[in-house]
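Engineer: This is the structure I have questions about; it appears just below.
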Amino acid sequence: MIGEELRPGLRRWTAWHEEWKQDVGCVAYQSDDALCLIDPLIPSRGAAFPKRPPVHVLVTVYWHTRSAGEIVRRSSGTLWAPSGARSAIGRRAGVEPRTFRPGDELPGGIEAFPTARGSEVVFWLPSVRALVPGDAILGAEGGGLCLCPASWVGGEDKLAKLRQALRLLLDLPIEVVAVSHGQPVLKAGRRALERALAG
């Protein structure tokens with residue numbers, strides 16, 4: 001398996017995103033009964049993803065469909081999409097996804113939390129105390145976390161609503177925040193998130 005081990009069973013790797021023109025972060029979580037890939041992008045050199053089920057590919061926001069379809073087809077896996085992004089993720093992946101809403105049971109004991117955007121969720125991996133956001137929470141310059149720019153969500157009012165929605169996450173014992181954009185936070189993740197939300 002590729003990437004850096006952040007915790008036993010939790011790995012993160014980066015790959016060059018042609019559209020974005022930057023490296024982006026991707027997460028692999030091996031639970032007792034499944035391999036769960038979150039927002040995966042296959043590196044140009046390829047990757048050794050298992051071909052036997054159960055492989056589950058979970059997408060935080062439709063922009064992060066990335067290599068989901070290819071991985072699901074190669075592994076005979078299952079693609080999971082937030083209900084508000086089902087059609088966009090299915091179209092991008094070329095695979096019909098299973099949909100979920102925050103609070104629904106997901107593979108590997110993963111939990112989805114809402115953002116202020118109906119098409120985006122944040123994943124919580126309780127057994128490794130890791131938070132995996134899509135675009136809502138980013139790695140900040142110089143370390144720590146920050147919220148996405150207001151332009152990504154449609155202005156300052158919507159950013160304020162996003163900030164309020166994400167406060168629910170402060171009830172979690174977060175240690176790791178495996179962001180897609182920027183550097184991950186590997187310890188004291190809850191404190192880093194609290195600082196970002198205070199912004």
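Engineer: Kindly state which strands (runs of 3 or more DSSP E) lie completely within the range 5-45 and contain at least 2 residues that are more than 21 Å from Ile110 (Cα to Cα), aliphatic (A, V, I, L, M) and in contact with an Asp or Glu (Cβ under 8 Å, 6 or more places away or on another chain).
Structural biologist: none
Engineer: Can you tell me how many residues within the range 63-105 are of a type outside the set (D, E, K, R), without any contact (Cβ under 8 Å) to a residue 60 or more places away in the chain and open to solvent by 70 Å² or more (accessible area, probe 1.4 Å)?
Structural biologist: Residues that pass the stated criteria total 2.
Engineer: Another question, then. Within the range 106-115, can one find any residue that is of a type in the set (A, V, I, L, M, F, W, C), part of a loop (DSSP other than H, G, I, E, B), touching a Leu at 6+ places or on another chain (Cβ under 9 Å) and in contact (Cβ under 8 Å) with a residue 24 or more places away in the chain?
Structural biologist: yes
Engineer: Could you list, in sequence order, all residues of the range 75-96 that are in a loop (DSSP other than H, G, I, E, B), within 19 Å of Tyr29 (Cα to Cα) and in contact with a Lys or Arg (Cβ under 9 Å, 6 or more places away or on another chain)?
Structural biologist: Ser76
Engineer: Considering every residue within the range 57-74, establish whether at least one is at pLDDT below 95, part of a loop (DSSP other than H, G, I, E, B) and of a type in the set (A, V, I, L, M, F, W, C).
Structural biologist: Scanning the range 57-74, I find no residue that is at pLDDT below 95, part of a loop (DSSP other than H, G, I, E, B) and of a type in the set (A, V, I, L, M, F, W, C), so the answer is no.
Engineer: Quick check, is Leu172 open to solvent by less than 30 Å² (accessible area, probe 1.4 Å) and either within 25 Å of Gly103 (Cβ to Cβ) or touching a residue at least 40 places away in the same chain (Cβ under 8 Å) (or both)?
Structural biologist: yes
Engineer: Val177: of a type outside the set (D, E, K, R) and open to solvent by less than 10 Å² (accessible area, probe 1.4 Å), yes or no?
Structural biologist: Yes; evaluated as a whole, the condition is true for this residue.
Engineer: Does Ser151 count as touching a residue at least 40 places away in the same chain (Cβ under 8 Å) and of a type in the set (S, T, N, Q)?
Structural biologist: It is false that Ser151 is touching a residue at least 40 places away in the same chain (Cβ under 8 Å) and of a type in the set (S, T, N, Q).
Engineer: Out of all the residues in the range 73-95, which are on the phi > 0 side of the Ramachandran plot and in contact with a helix residue (DSSP H, G or I) (Cβ under 8 Å, 6 or more places away or on another chain)?
Structural biologist: Within the range 73-95, just Gly94 meets the criteria.
Engineer: Within the range 175-199, how many residues are of a type in the set (D, E, K, R) and touching a residue at least 40 places away in the same chain (Cβ under 8 Å)?
Structural biologist: Number satisfying all stated conditions: 2.
The values are calculated or read from the model by the stated rules, or taken from the named source; none is laboratory data. Remember, it's a predicted structure, so these values are computed and weren't measured experimentally. Quick reminder, even Gly has a Cβ in these numbers, built from the backbone with ideal geometry, and neighbours come from all protein chains shown. Just so you know, the surface numbers come from the protein's heavy atoms only, side chains and all, with ligands and any DNA or RNA stripped out. Shrake-Rupley method; radii C 1.70, N 1.55, O 1.52, S 1.80 Å.
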